[in-house]
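Engineer: After the structure tokens below, expect a handful of questions from me.
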Amino acid sequence: MKVTVRYFASIREAIGHGSEVIETDVTTVGALRDLLLARGTPFQEALSTDRAVRMALNQSVCDGAAHLQDNCEVAFFPPVTGG
Amino acid sequence: MRLSVSIQSEDFDVSHELAQLRANDARVGAVCSFVGTVRERNEGTAVSSMELEHYPGMTEKSITAMMEEAAKRFDIYGARVIHRIGLLQPQDQIVLVAVTSAHRGMSFQACEFLMDYLKTQAPFWKKEVTTEGARWVDARVSDDKALARWGITVKNV
């Protein structure tokens, strides 16, 4: 399936781009993160499970168990600091 | 119920927004507002400017959801949220949260609830330019605790 992946703030800067489209067979947001981590630097550091990385599926906060659908949008970002 | 959110780079006029929020609604007896501004110092370092990034679409969606939650919890007539993005300078206004109700208690509470929620749930990120270079602002554990007071457990940090 086709998944649009978006990165924000410090994670976007570390990875070097704000979005990409990935064709994949994985079914959850957590598995997608593992797939990206396996790419090595800079993904390995930016999305490390040692860091507070928040995730969203179709613009709602989710956890790693959330199920991907074709043409969905997944986002990875650091803790938010608005207001 | 008047609920509206704007994400914008332009400044806002608080008096105008408050007047709009309660216009033609004679039930209103209380208008409570909060304005967040850019401090000249953060964690001991001088801040020369601040850049605000957000997640277009999710920002509006998350703030609308929190206003709907506030409307369920508190007896309010309207709420207005404005959050600025882009480049800001010390003393600039960043955020407005305003709420109307019949009596002050509900609008005070709803206003604080909305700010606590926004701090930990709305996808905004601040980057400060300081004398020591540019840095992303760290999220605070105290903000998660502030939201927990309302019975909402989240882990932003």
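The values are calculated or read from the model by the stated rules, or taken from the named source; none is laboratory data. Everything numeric in this text was worked out from a predicted model, so none of it was measured. No Cβ is skipped: glycine too gets one built from the backbone with ideal geometry, and neighbour counts run over all protein chains shown. The area values use the complete protein model at the heavy-atom level, side chains included, leaving out ligands, DNA and RNA. Shrake-Rupley method; radii C 1.70, N 1.55, O 1.52, S 1.80 Å.
Engineer: Can you give me the % of accessible surface on the stretch B:1-99 that is carbon or sulfur? Probe 1.4 Å, all protein chains present, nothing else counted.
Structural biologist: C and S atoms contribute 45 percent here.
Engineer: Heavy atoms only, 1.4 Å probe, whole protein assembly: order B:Lys127, A:Lys2 by accessible area, highest first.
Structural biologist: A:Lys2, B:Lys127
Engineer: Considering only protein heavy atoms, what per residue accessible area in square angstrom results for chain B with a 1.4 angstrom probe?
Structural biologist: 49 Å²
Engineer: Given just the C-alpha atoms of chain B, how large is their convex hull per residue in cubic angstrom?
Structural biologist: In chain B, the Cα convex hull volume per residue is 109 Å³.
Engineer: Follow-up. For B:Ile76, what is the net charge nearby, where nearby means another residue's Cβ is under 15 Å from its Cβ and Lys, Arg count +1, Asp, Glu -1?
Structural biologist: For residues surrounding B:Ile76, the net value is +2.
Engineer: Pick out the long, greasy-scoring helices in chain B: whole DSSP H runs spanning 18 Å or more along their own axis by Cα, mean Kyte-Doolittle at least -1.0.
Structural biologist: Helices meeting the span and hydropathy rule in chain B are B:58-73, B:104-121.
Engineer: Leaving out same-chain residues fewer than 8 places away, which lysines sit with a Cα under 25 Å from that of B:Lys145?
Structural biologist: Qualifying lysines at Cα under 25 Å: B:Lys61, B:Lys72, B:Lys119, B:Lys126, B:Lys127, B:Lys155.
Engineer: What number, in percent, do you get for the relative contact order of the stretch B:44-157 if the mean sequence gap of Cα pairs under 8 Å and at least 6 apart is divided by its residue count?
Structural biologist: 32 percent
Engineer: Turning to a different aspect of this structure: For the modelled label position 7 Å from the Cα of A:Ser19 along Cα-to-Cβ, which residues of the stretch B:47-66 have backbone nitrogen atoms closer than 18 Å?
Structural biologist: B:53-62
Engineer: Still on this structure, please answer the following. Please report the net charge: other residues with Cβ closer than 10 Å to the Cβ of A:Met55, K and R +1, D and E -1.
Structural biologist: +1
Engineer: A follow-up question, please. Using only atoms on other chains, find how many Cβ atoms lie within 10 Å of each Cβ of peptide B:106-119 and report the average.
Structural biologist: Average neighbour count from other chains, rounded to a whole number: 1.
Engineer: Can you give the three extents of the C-alpha atoms in the stretch B:1-77 along their principal axes, from longest to shortest, in whole Å?
Structural biologist: Principal-axis extents of the stretch B:1-77 (Cα, largest first): 46, 27, 23 Å.
Engineer: While we're on this one: Summing both sides, how much accessible area is buried between A and B? Use a 1.4 Å probe and give Å² to the nearest 100.
Structural biologist: Chains A and B together bury approximately 2000 Å².
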